[in-house]
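Since the structure comes first, as structure tokens, the remarks are kept for the end.
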Amino acid sequence: MNRAALADFLRRRREALRPADVGLVPGPRRRATGLRREEVAALTGMSVDYYARLEQQRGPQPSEQMLAALARALRLTAEERDYVFRLAGHGVPRRLPLESHVAPPLLRVLDRLEDSPALILSGLGETLVQNRLAEAVFGEPVTTGLARASAYRWFMDPESRNVYAPEHHDRQGRSQVSSLRAAHAAAGPGSLADEVLQALLRESDEFVRVWELHEVARRFEDHKTLLHPELGRIDVDCQALFTEDQSQALLVLTPAPGTEAEEKIRLLAVLGHETFA
């Protein structure tokens, strides 16, 4: 572990970022030129003391999970992330066709979206990061096991469909399968996409029927009707912004101006997960 180089790199990257770059409000009487240590700590879920010790060359060797969180918080590119892993004495994460390290350009756009549900998905349909409004609509993302993949949840967990209007279930299911086919072609045998595919072929007759249609695409329908347990139906338009290699997508869900759906989204922005009384 190269403590000196790691400490210097983290400090310089922290000082190069502004609060707006990571979706924070600067606030009054701000003296720091970049992010404060406590802000980086909050973004990564670590204690301020732990992060400060890393910058002071006296911290313990950070885990791979902690380094991945730091890479995301500091908006590191894949190359910069690999560099940090080497400095910390870890092997470089294997580059996969379905990369889970969030692309910084998409993350910068997401940080600026406060009035619309927005989330970043991997090619396998994993929710890599989402804003507060998206969490209010879709709930907390699954981060472990095969259920990380949206296609697996769709066919193995019927309750996961409750966020979509019933009349759209057939279309949504076909979209899930066609996206999985594209992801599997990119990742190949032995990948997480392959594990998901083999599990669904064994365990879901419904999946098998749709799989045999041989549809392939990464498709995000322009219009969706979402169902919220308190607010009911919310009609939104769905726009997707892809990375250059098409491995990740930022989805933004927007209601038409002046509609009841717009009012419901505004209410969600205020109340979030609170119970509506």
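The table below gives the values:
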item	result
Two-site label geometry, Ala185 and Asp8: point separation in nm, points 7 Å out along Cα→Cβ	4.7
Förster-model FRET efficiency, 41 Å R0, Glu206 and Glu260, C-beta, rounded to 0.05	0.80
Backbone N within the stretch 183-199 under 18 Å of label point (7 Å from Cys238 Cα along the Cβ vector)	183-184
Cα centroid separation, the stretch 230-245 to the stretch 32-68 (Å)	33
Degrees, to the nearest 10: 260-271 long Cα axis against longest axis of the chain	40
3J(HN,Hα) from dihedral phi, the stretch 158-166, Karplus parametrisation 6.51/-1.76/1.60, rounded to Hz, x for glycine, proline	x, 5, 5, 7, 5, 7, 10, 4, x
Per-residue [θ]222 nm for the chain (sum of -39500 (n - 2.57) over DSSP H runs n ≥ 4, rounded to 500)	-13000 deg cm²/dmol
Stokes-Einstein D in µm²/s, Kirkwood radius over Cα pairs - the stretch 104-271 at 10 °C with 1.306 mPa s viscosity	96
Solution diffusion estimate, µm²/s, Stokes-Einstein, the stretch 77-150, Kirkwood Rh from C-alpha pairs, 20 °C, viscosity 1.002 mPa s	156
Rounded to the nearest 20 debye, dipole of the stretch 161-225 from Cβ charges on Lys, Arg, Asp, Glu	160
Rounded to 10°, Cα long-axis angle of helix 192-203 versus longest principal axis of the chain	30
Helix axis angle, 3-16 relative to the chain longest principal axis, alpha carbon, degrees	70
Karplus-derived 3J(HN,Hα), 6.51/-1.76/1.60, for each residue of the stretch 167-182, Hz, glycine and proline x	5, 9, 5, 4, 5, 5, x, 5, 5, 4, 5, 5, 5, 5, 4, 5
Protection-proxy order for peptides 199-206, 113-120, each taking the mean of Cβ atoms within 10 Å per residue, highest first	113-120, 199-206
Shape call, the stretch 130-184: gyration tensor on alpha carbons, a/c limit 1.5	oblate
Extreme residue, positive dipole direction of the chain, given options Thr33, Gly89, Gln57 (C-beta unit charges)	Gln57
Ranked packing of 14-24, 137-147, most packed first, by mean Cβ within 10 Å	14-24, 137-147
Net charge dipole size for the chain [Lys, Arg +1 and Asp, Glu -1 on Cβ; Debye, nearest 20]	1420
When the convex hull of its Cα atoms is projected in every direction, mean area for the stretch 3-87 (nm²)	5.2
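Values quoted throughout were computed directly from the atomic coordinates according to the rules given, and no laboratory measurement underlies them. All values reported here derive from a predicted model rather than from experimental measurement. Because the Cβ atoms are built from the backbone with ideal geometry, glycine has one as well, and the counts that use them run over all protein chains shown.
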